[in-house]
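Contents: one structure, followed by commentary.
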Amino acid sequence: MADASIIPAAVTGMFDLLSPFGPGWGANLLRGLVRSLQIAFGAFGMGLIIGTFGAYAKLYGGPIARDLAAIYTTLVRAIPELVMIILLYYAGTDLINRVLEGMGYQRVDISGLAAGIVVLGFVQGAYATEVLRGAIKAIPQGEVEAARAYGMSPILMMRRITLPAMLPHALPGLANLWLISTKDTALLAVVGFSELTLETRQAAGTTKAYMTFYLAAGALYLFITLFSNVILEFVEKRARRGMPSVKEAR
Amino acid sequence: MSDTQIEVPIETFPIHKESDPSRRSNRLPPHRIVLGLIGLGLVASAAFFMRWDWLPNYGDLILQGLWRTIWILCVTVFLGFLLAVPLGLAQAAGPAILAIPARAFCTVIRGTPLLVQLWLLYYGLGSLFPQYPWIRGSELWPYLRQAWPYAVLALTLSYAGYEGEVMRGAFASVPKGQLEAARAFGMRRFTIFRRIWLPQAIHRALPTLAGEAVLQLKSTPLVATITVVDLYAVASRVRQDTFLTYEPLLLLAAGYLIITAIIVSLFRRIERLIPSKLG
C-alpha cells in the first residue's frame with residue numbers, strides 16, 4: 001500500500017487505484033462502506049426506539065412528558081447535525097468519563113462505532129418521533145377504540161393494533177429517514193471516525209487522485225440509495241397490500 | 001426510476017400545523033412555569049459557573065462568522081431556488097429530453113451526502129483547475145483559488161436538487177382548470193407561467209420551502225471543513241485556543257436556534273401575506 005503514493009496518479013490508471021487488491025485503495029473504501037452501513041443501521045434502529053417512545057410521550061404522555069418530547073424534537077431539528085455530533089461526541093464522552101472518575105472508576109475509551117451510533121441515533125430519534133406520531137394519528141379511531149373495548153392492556157394494544165396499523169402510514173417517512181441516516185454517517189468523518197467519507201479523503205490525499213476517489217465514494221453512496229429505494233418500494237407495497245393506493249386516495 | 005418516489009419530503013419543521021386549541025389558552029399551566037424556571041436556572045447556572053471571559057476577545061470574529069453564515073444561507077437559498085424552478089418545471093411538464101436529465105440531477109444530489117459533494121468540488125475540481133494554464137490566466141482565477149465559491153456552488157446545487165423535487169410536486173399539483181382558464185383568456189404561455197402557474201406552485205410549496213431553508217441552515221456548518229470561516233469555524237477556533245469543551249458549543253447551538261426561529265417566523269409572515277384561497 002505504501003508504494004501507491006510513490007507512483008504518480010497520472011501513470012496508474014483510475015481502475016488500478018480503485019482495485020480492491022494490492023496497491024489499490026478499493027479495499028479501504030469497501031471497509032469504510034461497511035462501517036458506514038453498520039452505523040446507519042444502528043442509528044436507524046436506535047432512532048426507531050427513541051421515536052416510538054417519543055411518539056407515545058407526545059400523544060399519550062402527561063403534560064410534562066409532552067413538553068419534554070416537544071423540547072427534544074424542536075432542539076434536535078433546529079441545531080445542525082454537525083454541531084450535535086461534535087457536542088455529543090466530545091462533550092458526551094467527557095461527561096461520561098467525569099462521572100466515572102467521580103465514582104472512582106477508570107476512564108474508558110468509548111469506541112467510535114458506539115459513539116457514532118448513539119449520536120446519530122439521538123438525532124434520528126427526533127425525526128422518527130414526528131414520523132411515528134403522524135402515523136399513529138392516521139390510524140382510524142375506531143380500531144383503537146375497539147381494542148380498548150376488548151380490554152387490551154396498553155402494551156398489548158401497542159403490539160397488536162397500533163404498531164401494525166400505523167406501519168403503512170409511517171413507511172414513506174421512515175424510508176426517508178433511512179436514506180438520511182445513510183447520508184448522515186458522512187458527518188462522522190469530521191470527528192475522525194473512519195467511515196466511507198474519511199477513508200475516501202485519506203485515499204485521495206495520499207494518491208492525489210481527488211476526482212477519482214470522491215466520484216467513487218459518491219457512486220457508492222448513490223448505489224446504497226438506489227438499492228434501498230428498490231427494497232423500500234417492495235416493503236411498502238407489501239405493507240400497503242389490501243389498502244387503496246395513494247394516488248386513488250387523493 | 002418509477003413514478004412512486006419514496007423520498008417524499010418529510011415535514012421537517014411543524015410550523016404550519018395549528019397546535020390543538022386547548023394549548024392555545026392564555027393561562028400558563030403550572031407545569032410550564034416549573035419547566036420554565038428549571039430552564040432559566042440552567043441558563044443562569046451556565047452563565048455563572050462556566051467561563052465566558054473569552055467572549056470579548058472573540059466578539060468581532062463571532063460577528064464575522066455569523067454574517068458569513070447568514071450570507072451563505074441567503075445567497076444559496078436564493079440561487080438554489082432560481083435553479084429549482086426550471087428543474088421542477090422540466091420534471092413536471094417538460095419533454096423527456098429535459099425531464100430525464102433534471103430527474104437524474106435531483107436523484108444524484110439527493111442520493112449522495114453533501115459533505116462528499118462539497119469535498120468533490122473543492123478538492124476534486126479545485127485540484128483539476130491549476131493544471132490548465134488558460135484557467136490560471138483568466139479573470140476568475142483569484143476567485144477559484146478561494147474556498148467560498150466552492151461552498152456556495154455546492155450548497156446551491158444541493159438546495160436546487162432537493163427543492164427541484166418539491167417544485168415538481170408543486171407544479172404538478174396546480175389544478176388543470178386554472179391553466180385552462182388562463183389559456184381561454186388568451187394568455188401567452190410565458191404569461192400563464194408568470195401569472196398563474198408559478199405563483200400558485202410557490203404558494204403550495206411554501207411550507208416545504210420553510211423546512212428546506214432550515215435544513216439549508218443546518219448544512220452551512222459543513223463549509224467549515226473546506227476552510228470557510230463561518231459561525232461553526234469560529235466556535236472550533238475558540239475551542240482550540242481556549243481548551244474549553246462546552247461553552248463555545250453551547251453558544252453555537254444557541255446561535256443556530258435563534259437563526260432557525262428567525263427563518264421560521266419570516267416564512268410564517270410571508271405566508272400570511274398571500275391570500276390563501278386556492279381552488
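The values are calculated or read from the model by the stated rules, or taken from the named source; none is laboratory data. Since the structure is predicted, the reported quantities are computational estimates derived from the model, not experimental observations. Backbone-built Cβ (ideal geometry, glycine too); neighbour counts: all protein chains shown.
Between residues in the stretch A:98-115 that are touching a residue at least 24 places away in the same chain (Cβ under 8 Å) and residues that are surrounded by 10 or more Cβ atoms within 10 Å (Cβ to Cβ), which pairs lie under 7 Å by C-beta distance while being six or more apart or on different chains?
A:GLY112/A:PHE193; A:LEU113/A:GLN38; A:LEU113/A:ILE39; A:ALA115/A:TYR89; A:ALA115/A:THR93
If A:SER194 meets every condition in (1) within 22 Å of the chain's Cα centre (by Cα); (2) part of a helix (DSSP H, G or I) apart from one, which number is that one?
That leaves (2) as the condition not met.
List the number of the failed condition for A:GLU130; all other conditions in (1) in a helix (DSSP H, G or I); (2) away from every other protein chain (no Cβ under 14 Å) hold.
(2)
Among the residues of the stretch B:88-118, which ones are at the interface with chain A (Cβ under 8 Å from one of its Cβ atoms) and not in a helix (DSSP H, G or I)?
Selection gives B:THR112, B:PRO113.
From the residues in the stretch B:217-226 that are crowded, with 22+ Cβ neighbours inside 10 Å and among the β-branched types (Val, Ile, Thr), which one is nearest to the other protein chains (Cβ to nearest Cβ)?
Among those that are crowded, with 22+ Cβ neighbours inside 10 Å and among the β-branched types (Val, Ile, Thr), it is B:THR220.
Among all residue pairs at least 6 apart or on different chains, which show Cβ distances below 9 Å where the first residue, located in the stretch B:139-166, is touching a residue at least 40 places away in the same chain (Cβ under 8 Å) and the second is of a type in the set (Asp, Glu)?
Filtered contacts from the stretch B:139-166: B:ALA151/B:ASP230; B:TYR159/B:GLU212; B:TYR162/B:GLU212; B:GLU163/B:GLU212; B:GLU165/B:GLU7; B:VAL166/B:GLU212.
Look at the stretch A:44-89 and say how many of its residues are more than 13 Å from chain B (Cβ to nearest Cβ), more than 30 Å from B:ASP230 (Cβ to Cβ) and modelled with pLDDT of 90 or more.
Result for the stretch A:44-89: 9.
Does any residue of the stretch A:37-53 turn out to be of a type in the set (Ser, Thr, Tyr) and under 27 Å from A:ALA209 (Cα atoms)?
No: zero hits.
Pairs please, first residue from the stretch A:188-204 and more than 20 Å from B:ALA233 (Cα to Cα) and surrounded by fewer than 19 Cβ atoms within 10 Å (Cβ to Cβ), second anywhere and of a type in the set (Gly, Ala, Ser) and at pLDDT 90 or above, Cβ atoms under 7 Å, 6+ apart in sequence or on different chains.
A:SER194/A:GLY32
Out of A:ILE110, A:ILE71, A:ILE96, A:ILE86, I need the residue that is buried (at least 20 other Cβ atoms within 10 Å of the Cβ) and either of a type outside the set (Phe, Trp, Tyr) or assigned to a helix (DSSP H, G or I) (or both). Which one?
Exactly one residue qualifies, and that residue is A:ILE86.
Got a sec? Which of A:GLU236, A:GLU199 is facing chain B (nearest Cβ under 8 Å), charged (D, E, K, R) and not in a loop (DSSP other than H, G, I, E, B)?
Of A:GLU236, A:GLU199, the one residue that is facing chain B (nearest Cβ under 8 Å), charged (D, E, K, R) and not in a loop (DSSP other than H, G, I, E, B) is A:GLU236.
Is one or more of the residues making up the stretch B:234-243 touching a residue at least 24 places away in the same chain (Cβ under 8 Å), more than 13 Å from B:GLY65 (Cα to Cα) and either assigned to a loop (DSSP other than H, G, I, E, B) or not acidic (Asp, Glu) (or both)?
Looking for residues that are touching a residue at least 24 places away in the same chain (Cβ under 8 Å), more than 13 Å from B:GLY65 (Cα to Cα) and either assigned to a loop (DSSP other than H, G, I, E, B) or not acidic (Asp, Glu) (or both), one finds at least one in the stretch B:234-243, hence yes.
Could you list, in sequence order, all residues of the stretch B:124-138 that are in contact (Cβ under 8 Å) with a residue 12 or more places away in the chain and either closer than 16 Å to B:VAL229 by Cα or surrounded by 18 or more Cβ atoms within 10 Å (Cβ to Cβ) (or both)? I'd like the intermediate steps shown before the answer.
The first filter runs over the stretch B:124-138 and keeps only residues in contact (Cβ under 8 Å) with a residue 12 or more places away in the chain, leaving B:125-126, B:129.
B:GLY126, the sole residue that qualifies.
Quick one: in the stretch B:194-216, of everything that is without any contact (Cβ under 8 Å) to a residue 24 or more places away in the chain and more than 16 Å from B:ILE270 (Cβ to Cβ), which residue is nearest to the other protein chains (Cβ to nearest Cβ)?
B:ILE196
Does B:THR4 satisfy the criteria of being more than 23 Å from B:LEU257 (Cα to Cα), under 20 Å from the mean Cα position of the chain (by Cα) and at pLDDT below 95?
no
Just one of A:GLY134, A:GLY121 is within 18 Å of A:THR73 (Cβ to Cβ) and touching a helix residue (DSSP H, G or I) at 6+ places or on another chain (Cβ under 6 Å); which is it?
Values: A:GLY134 fails: touching a helix residue (DSSP H, G or I) at 6+ places or on another chain (Cβ under 6 Å).
From the options A:GLY134, A:GLY121, the qualifying one is A:GLY121.
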